[in-house]
1. Using Cα-Cα distances under 8 Å and only pairs 6 or more residues apart, what relative contact order does the range 178-307 have, in percent?
2. Measure nothing but the geometry: give the 0 to 90° angle between the long axis through the Cα atoms of 214-226 and the longest principal axis through the Cα atoms of the chain, rounded to 10°.
3. Given a cut-off of 19 Å, what percent of all Cα-Cα pairs of the range 29-143 lie beyond it?
4. If we restrict to alpha carbons, what Rg and Dmax does the range 278-367 come to, in Å?
5. How big is the shadow of the Cα convex hull of the range 128-222, averaged over all directions, in nm²?
6. Roughly what angle does helix 241-250 make with the longest principal axis of the chain, taking Cα atoms, 0 to 90 degrees, to the nearest 10?
7. Run the helix sum for the chain: -39,500 (n - 2.57) per DSSP H stretch of 4+ residues, divided by residue count, reported at 222 nm to the nearest 500 deg cm²/dmol.
8. Out of every Cα pair in the range 281-334, what percent are spaced more than 14 Å from each other?
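Quick note: the coordinates plus some simple rules give every number you see, no bench work behind them. From a predicted model like this one, the values you see are computed outputs, not experimental measurements. In this analysis, Cβ positions are derived from the backbone assuming ideal geometry, glycine residues included, and neighbour counts consider all displayed protein chains.
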Ligand code: MG
């Protein structure tokens, strides 16, 4: 009788009664964020710059007592900073959403708040994905339908340095099955020959737009192929689209776009200019768009690499859930830092090793 009455009452409820029963709106999802500075273990030098720290912002989204974690990593040459990310995140109001599962709506709205700010946007995207995974009690590789056993090896990056340092770093990297070498200065052949004096493992290379002449670039790609290099990332400036397409047509190694490819809309334009793309959460606003980019690139017959900045294990763990889908993973960002504040996806024997934990699989260590 009671149950029947309750059912009847429910069927004839007034608009006022329905409003009283609806989920309470306002203030249910709370975004917090704080600036943090990553310390690098070694001075990190690429074709265009050197540095020993990276500014990041750590985000948290709390909902009904559960917290999701996110991160924005902002190497200075990309234009974001503690100040810009803090200003952007101050504009994000999650209290107007009742349902954290509405990822498409929420993340679209955040993307529309202001142009640019891809890392700041990623920090919300990652925290929201982590929260949703925790609410579902499932890791994202399960939600997306990937096998955790099919993760790739990650490359370990050797920055541009003196012969002695390069030799020492190569020896230190014994655990890793693939080395990534930074090229693009006048020391390119020394870098490769020094590594080859220590090991014959596969090498991926990243020129960071350092070569300017396409014929010289093609000669260099042949030289690299003869020495066991397996691919070349961003050989020339992203603006030299015709030269890049010329090189890609002739290159004996896959040419991968990084600086020239930021977001989903760049993928169709990259077809023909590069053989593949390097996708990074901090360039493309996070996990949701990265997943779409991988699917689109694959449908166009392109290769896919998953990269990172120097990041804590928060950002790296988020990316690692996509790694079973890619040809090459370059997710060594947390291995290069000395003050990680998360425990998450590990690199074991060189392989990305996902945790069977909900969300992105991280635990906060301190702070
Ligand atoms: Mg790169």
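1. Numbers: 236 pairs, mean separation 23.7, N = 130.
Worked out over the range 178-307, it gives 18 percent.
2. In the chain, helix 214-226 runs at an angle near 90 degrees to the longest axis.
3. On the way: 3143 of 6555 pairs.
Taking all Cα-Cα pairs of the range 29-143, the fraction more than 19 Å apart is 48 percent.
4. When restricted to Cα atoms, the range 278-367 yields Rg and Dmax of 12.9, 44 Å.
5. Details: hull surface 36.5 nm².
It is 9.1 nm².
6. 70 degrees
7. On the way: 14 runs with 132 residues, N = 367.
After summing the helix terms and dividing by residue count, I get -10500 deg cm²/dmol.
8. On the way: 682 of 1431 pairs.
More than 14 Å apart: 48 percent of the Cα pairs in the range 281-334.
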